[in-house]
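A quick write-up on the structure given underneath.
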């Protein structure tokens, strides 16, 4: 289990070779044999004896800052779960496991986008023709993923090509359901060329932080990716792992505009592009956080969207740790639609 300590004033100590958690109201003893990692907020405390007990049992201790983001980590100096995950991650980046993970993530992304368009179509009777061709394009590009069984040096270009074709069809369709003054020509990043892309980029930014947090909490190295190239200080795995979850940001941005919650005064226009201003950012942040806090069906139970990201990151770590002669754990079961 992962022990998450967030209650203000909680102290973690060591008593009789067990972790003792105590605060003004409660006390709890836990065997280190039942704990895989300890996550501590900046309002809790841990004694040096408890840290030593954790290290002796190869239990990672992760510290969060005031915003709940990972700030640092303590782990055993010898080979343990976190070190082993990272070694397996490096191996996977150069073999078929990494390519399989890439295909899984891109396939989930494309399937999410196809299903989202179908959901939007069913909510707009009489406008089905607007959606049929983009959905068909995305489904055709998804089928081509099966052909992405190429050497690592060439498969990236193949996957990015089919991503580009499906993405163009997807966003062209999304543009057509926007209020007329917020329709856009194409997807644009830095800088955004229009209000919709400015809001979507901001939603993606919030999502990136959630994916990075999930990587760190599960023991994955955010800097070792499988599709996106390694570069100095580039969080390649975050760029990979965000793909199946981009739909969370895209849903939120679409609903903000189709729900007519966005206003012209939320944006600053310049020759260089469009950006959210101090009036627009709180609207987008509140909506995105609310969207991530919503519970949806996930593996037979109701789970918040933000927690799905963490669950799937842990599943990726377990998949990397699986021996070659055993069945690899399943992962990426994200089916909202």
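Each reported figure results from applying straightforward, stated rules to the coordinates on display, with no laboratory input. Please read all numbers here as calculations on a predicted model, not as lab measurements. With ideal geometry, Cβ positions are generated from the backbone for all residues, glycine too; neighbour counts draw on all protein chains shown.
Relative to the longest principal axis of the Cα atoms of the chain, helix 81-92 runs at roughly 40 degrees. In this simple spin-label model, placing a label point 7 Å from the Cα along the Cα-to-Cβ direction at both residue 186 and residue 130 gives a separation of 2.3 nm. For the range 2-78, the relative contact order comes to 29 percent (Cα pairs under 8 Å, sequence separation of at least 6). Cβ crowding within 10 Å, taken as a proxy for footprinting-reagent exposure, orders 328, 297 from fewest neighbours to most as 297, 328. Subtracting the Cα-Cα distance of residue 324 and residue 143 from their residue separation scaled by 0.36 nm leaves 62.5 nm.
Considering all different alpha carbon pairs of the range 170-274, the Kirkwood hydrodynamic radius works out to 15.0 Å. Modelled spin-label separation between residue 17 and residue 41, with each label point placed 7 Å from Cα along the Cα-to-Cβ direction: 3.3 nm. Taking the chain as a Gaussian network of alpha-carbon nodes connected by springs under 10 Å, the highest mean-square fluctuation of the residues 136, 118, 22 belongs to 22. If a/c stays under 1.5 just call it rounded; otherwise compare a/b with b/c (prolate if a/b is bigger, oblate if not). Do that for the range 2-78, with a ≥ b ≥ c from the square roots of the Cα gyration tensor eigenvalues. Verdict is oblate for the range 2-78. With both partners inside the chain, how many of the DSSP beta bridges are antiparallel, as a percent to the nearest 5? Looking only at bridges with both residues in the chain, the antiparallel portion is about 70 percent. Taking only the Cα atoms of the chain, the ratio Rg/Rh comes out at 1.01, with Rh defined as the Kirkwood radius. Neighbour counting of Cβ atoms within 10 Å sorts the residues 65, 271, 221, fewest neighbours leading, into 271, 65, 221. The label point for residue 277 and the one for residue 119, both projected 7 Å from the Cα toward the Cβ, are 3.3 nm apart. Looking only at the range 2-78, where both bridge partners belong to it, what percent of the DSSP beta bridges are antiparallel (to the nearest 5)? The antiparallel proportion sits near 55 percent. Over the range 192-253, the fraction of Cα-Cα pairs per 5 Å bin, rounded to whole percents and listed from the shortest bin up, is 4, 19, 24, 22, 17, 10, 3, 0. Taking all Cα pairs closer than 8 Å and separated by 6 or more residues, the relative contact order of the chain comes to 14 percent. Compared with the dominant principal axis of the Cα atoms in the chain, helix 246-258 is inclined by about 50°. Comparing mean-square fluctuations of 53, 237, 319 from a GNM of the chain with C-alpha springs under 10 Å, the top value falls on 53.
Entry note, the chain: the mean residue ellipticity at 222 nm calculated from DSSP H runs of n ≥ 4, each adding -39500 (n - 2.57), is -16000 deg cm²/dmol after division by the residues and rounding to the nearest 500. Fewest neighbouring Cβ atoms within 10 Å first, the residues 307, 291 line up as 307, 291.
Helix 96-122 and the long axis of the chain differ in direction by around 50°, with both axes built from C-alpha atoms. Using alpha carbons only, what's the Rg to Rh ratio of the range 19-144 with Rh from Kirkwood? Here Rg/Rh amounts to 1.22. Shape of the range 99-142 from the C-alpha gyration tensor: oblate (a/c of 1.5 or more and a/b not above b/c, with a ≥ b ≥ c the square roots of its eigenvalues). Across the alpha-carbon set of the range 187-337, the Rg to Rh ratio works out to 1.03, Rh being the Kirkwood radius.
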